[in-house]
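Below is one structure, written out as structure tokens; the observations come after it.
The values are calculated or read from the model by the stated rules, or taken from the named source; none is laboratory data. Note that the structure is a prediction, hence the values are computed from the model and not measured. Every residue, glycine among them, receives a Cβ derived from its backbone with ideal geometry; neighbour counts consider all protein chains shown. Ligands, DNA and RNA are excluded from the accessible area calculation, which covers all protein heavy atoms including side chains. Shrake-Rupley method; radii C 1.70, N 1.55, O 1.52, S 1.80 Å.
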Amino acid sequence: MLVTPRAMFYQPGMTRKLCRQAFALATIFIAMPALASDELQRQQPDTVIFAMMSGKCATLKVAGRDFGCRAVAFFQTEEGRANFTVALDDPNDDSHIITFSGDNGRRPETNLYELPIDRMLLKSKDRPKADGLPVPAVESTAGLCKQVGNFVTLELSSISCTAVDKNGKKYELQYQSDGAPMAVRRIKRMRVGSPAVSPFDDVK
């Protein structure tokens, strides 16, 4: 099944600004090439759910440097890996994007989703390119992301992530909603075995 950015992310009620951000990030995700890593030399599995929050980054630190952000999105693949991706507001690099990525997400409370982070995906204009897009560097990490809010009504309040890589570099995100409901798009696919936990299991 071919899913275009337009088909994947159009949602009634989305603002034009949010729709533009969603389209830009959709292009990034759908066209993302295989990762440049010995253990990840394979095509990325398809995305099954995508969500965007409208708000701002109160804190965004990348290896000791402070940044603003242009957009933050959540997406999950058919294999269950979940990702919080941040497009940085970097005047020197329009391709500067980081992703907190992990498996085994959980919802210990109704309004809380937790994702253990085991790798960071780092994209910049200086990375090697495949199909015209930067191939992300993959850094092994230990960390955690938390998403807080009402997942049924999509009124999310915050995302917080922290991760430290094997070289001691720290990545930190504190994202606050502006109160607008999240834009969520689920792509239904057949899966083998039990589905992974998603913060948006209640979204049809």
Practice task
Tell me which residues, restricted to the range 153-179, are of a type in the set (Ser, Thr, Tyr) and surrounded by 15 or more Cβ atoms within 10 Å (Cβ to Cβ).
Solution key: SER157, SER158, SER160, THR162, TYR171, TYR175, SER177
Fill in the blank from the handout: Scanning the range 130-152 for residues that are of a type outside the set (Gly, Ala, Ser), out of contact with any Pro (no Cβ under 7 Å at 6 or more places or on another chain) and open to solvent by 40 Å² or more (accessible area, probe 1.4 Å) gives GLU139, LYS146, VAL148, ASN150, VAL152
Practice task
Quick one: in the range 180-204, of everything that is modelled with pLDDT of 85 or more and assigned to a loop (DSSP other than H, G, I, E, B), which residue is surrounded by the most Cβ atoms within 10 Å (Cβ to Cβ)?
Solution key: MET182
Problem - Counted residues, the range 75-87 - those being open to solvent by 10 Å² or more (accessible area, probe 1.4 Å) and touching a Leu at 6+ places or on another chain (Cβ under 7 Å) - result: 0
Practice task
Working only within the range 88-114, note down all residues that are closer than 20 Å to SER177 by Cβ, surrounded by fewer than 21 Cβ atoms within 10 Å (Cβ to Cβ) and of a type outside the set (Ser, Thr, Tyr).
Solution key: ASP89, GLY105, ARG107, GLU109, ASN111, LEU112, GLU114
Problem - Within the range 129-179, tally of residues that are in a strand (DSSP E or B) and in contact with a strand residue (DSSP E or B) (Cβ under 9 Å, 6 or more places away or on another chain) - result: 35
